[in-house]
Amino acid sequence: MPTFINYLYWQFILNPQKILQRIRTFLVFGFDFFSVKESFFNLFSPWRRQISYYGNSIDIARFFEALTTNIISRIIGFIMRIFLFLFFIAYEAIILIIGSIIFIITLTYPILAIYLITIL
C-alpha cells in the first residue's frame, strides 16, 4: 500500500479507535475510582462505620443518645455519598466533553491543514 493510503488508514481508522478506547478507559476508571457501585448499595450506611451501641441495660437516655448518634452518622454518610456521586458525574461529563473535542479535532485537523495550505 502506498504511504498516503497508510496515513489515511491510520488517521481516520486506527487513531479514532484508539482515542475512543482511551476515553472508555477513563470512564471505567472513574466508575471504579469513585466506587459508584459500592456507594450506591451502601447509600444509607453509617459514615465510616461509626455507630453507637445501645448497651444491655434499660437506660432511656443512653438509648436516645445512641439512636441520635446513629441517625446523624447515617445522614452524614448519605450526604457524603451523594457528593461522591456528584463528583463522579462531573468527572464523567468533563471526560466526555474533552474526549469529544479531542476526537473531533483529530478527525478534522488534516482537512483543516490541507485547506490552510491551499489558501496560502
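Values quoted throughout were computed directly from the atomic coordinates according to the rules given, and no laboratory measurement underlies them. All values reported here derive from a predicted model rather than from experimental measurement. Cβ placement follows ideal geometry from the backbone for every residue including glycine, while neighbour counts extend to all protein chains displayed.
Bin width 5 Å, alpha-carbon pairs only: give the P(r) of the range 1-108 as whole percents, running from 0 to the bin holding the largest distance.
Computed distribution, short to long bins: 2, 11, 13, 12, 10, 9, 8, 7, 6, 5, 4, 4, 3, 2, 1, 1, 1, 0.
Just want the ordering: W47, W10, from fewest to most Cβ atoms lying within 10 Å of their own Cβ.
W10, W47
As a test of the formula, what do you get for the chain when each DSSP H run with n ≥ 4 contributes -39,500 (n - 2.57) and the sum is divided by the residue count, at 222 nm and rounded to the nearest 500 deg cm²/dmol?
The helix contribution divided over the chain gives -27000 deg cm²/dmol.
Count charges around T68 for me, please; just the other residues with Cβ under 12 Å from its Cβ, Lys/Arg as +1, Asp/Glu as -1.
Taking every Cβ under 12 Å from that of T68, the sum is +1.
Neighbouring Cβ atoms within 10 Å as the yardstick, rank R74, R48 fewest first.
The most exposed by this proxy come first: R48, R74.
When the Cα centres of the range 38-56 and the range 13-28 are compared, how far apart do they sit, in Å?
If we compute the Cα centre of each part, the gap is 39 Å.
Using the charge dipole of the chain (Lys, Arg: +1 at Cβ; Asp, Glu: -1 at Cβ; taken about the Cα centre), state which of I71, I102, F44 has its Cα farthest towards the positive end.
I102
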